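The values are calculated or read from the model by the stated rules, or taken from the named source; none is laboratory data. This structure is a prediction, so every number in the text was calculated from the model and none was measured. Cβ atoms come from the backbone with ideal geometry, glycine included; neighbour counts cover every protein chain shown. These area figures cover heavy atoms from the full protein model, side chains too; ligands, DNA and RNA do not enter into them. Shrake-Rupley method; radii C 1.70, N 1.55, O 1.52, S 1.80 Å.
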Amino acid sequence: MDIRIIIRIHNLVHIQQTGSPKSLAENLKLSERMVYHYLNYMKLEMNAPIVYNFKKQSYCYTEDAGFCFVMRN
């Protein structure tokens with residue numbers, strides 16, 4: 001998993017601007033399948049409460065979610 005992509009997905013989910021899975025894949029320059037892999041990773045491994053909101057046509061958090069990424073040398 002590329003942490004830069006996870007951060008981009010998190011930012012888009014946070015502002016509820018992911019669009020459909022297909023448009024998110026296009027935005028990230030990934031296949032739809034890879035988008036689903038990243039989302040599943042975030043849900044299962046990072047405990048991110050992500051759901052797809054059909055009314056908003058975006059992935060959203062069901063509760064506040066914050067992640068802290070620390071860069072180490």
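Of everything in the stretch 9-60 that's among the hydrophobic types (A, V, I, L, M, F, W, C) and open to solvent by 80 Å² or more (accessible area, probe 1.4 Å), which residue is farthest from the chain's Cα centre (by Cα)? Give the derivation first.
Start the filter on the stretch 9-60 by keeping residues that are among the hydrophobic types (A, V, I, L, M, F, W, C), which leaves 9, 12-13, 15, 24-25, 28, 30, 34-35, 39, 42, 44, 46, 48, 50-51, 54, 60.
With open to solvent by 80 Å² or more (accessible area, probe 1.4 Å) added as a condition, the list becomes 15, 44, 54.
Details: 15: 11, 44: 12, 54: 16 Å.
Checking each candidate, the answer is 54.
Could you list, in sequence order, the residues of the stretch 18-56 that are free of Cβ contacts under 8 Å to residues at least 24 places away in the same chain, at positive phi and of a type outside the set (Lys, Arg)? Across the stretch 18-56, the qualifying residue is only 47.
With respect to the numbered conditions (1) under 11 Å from the mean Cα position of the chain (by Cα); (2) assigned to a loop (DSSP other than H, G, I, E, B), which one is the sole condition not fulfilled by residue 66? Residue 66 satisfies all of (1) under 11 Å from the mean Cα position of the chain (by Cα); (2) assigned to a loop (DSSP other than H, G, I, E, B) except (1).
Evaluate the stretch 29-51: report whether one residue or more is in contact with an Asp or Glu (Cβ under 7 Å, 6 or more places away or on another chain), assigned to a helix (DSSP H, G or I) and not hydroxyl-bearing (Ser, Thr, Tyr). Within the stretch 29-51 (the criterion being in contact with an Asp or Glu (Cβ under 7 Å, 6 or more places away or on another chain), assigned to a helix (DSSP H, G or I) and not hydroxyl-bearing (Ser, Thr, Tyr)), the answer is no, since none of the residues qualifies.
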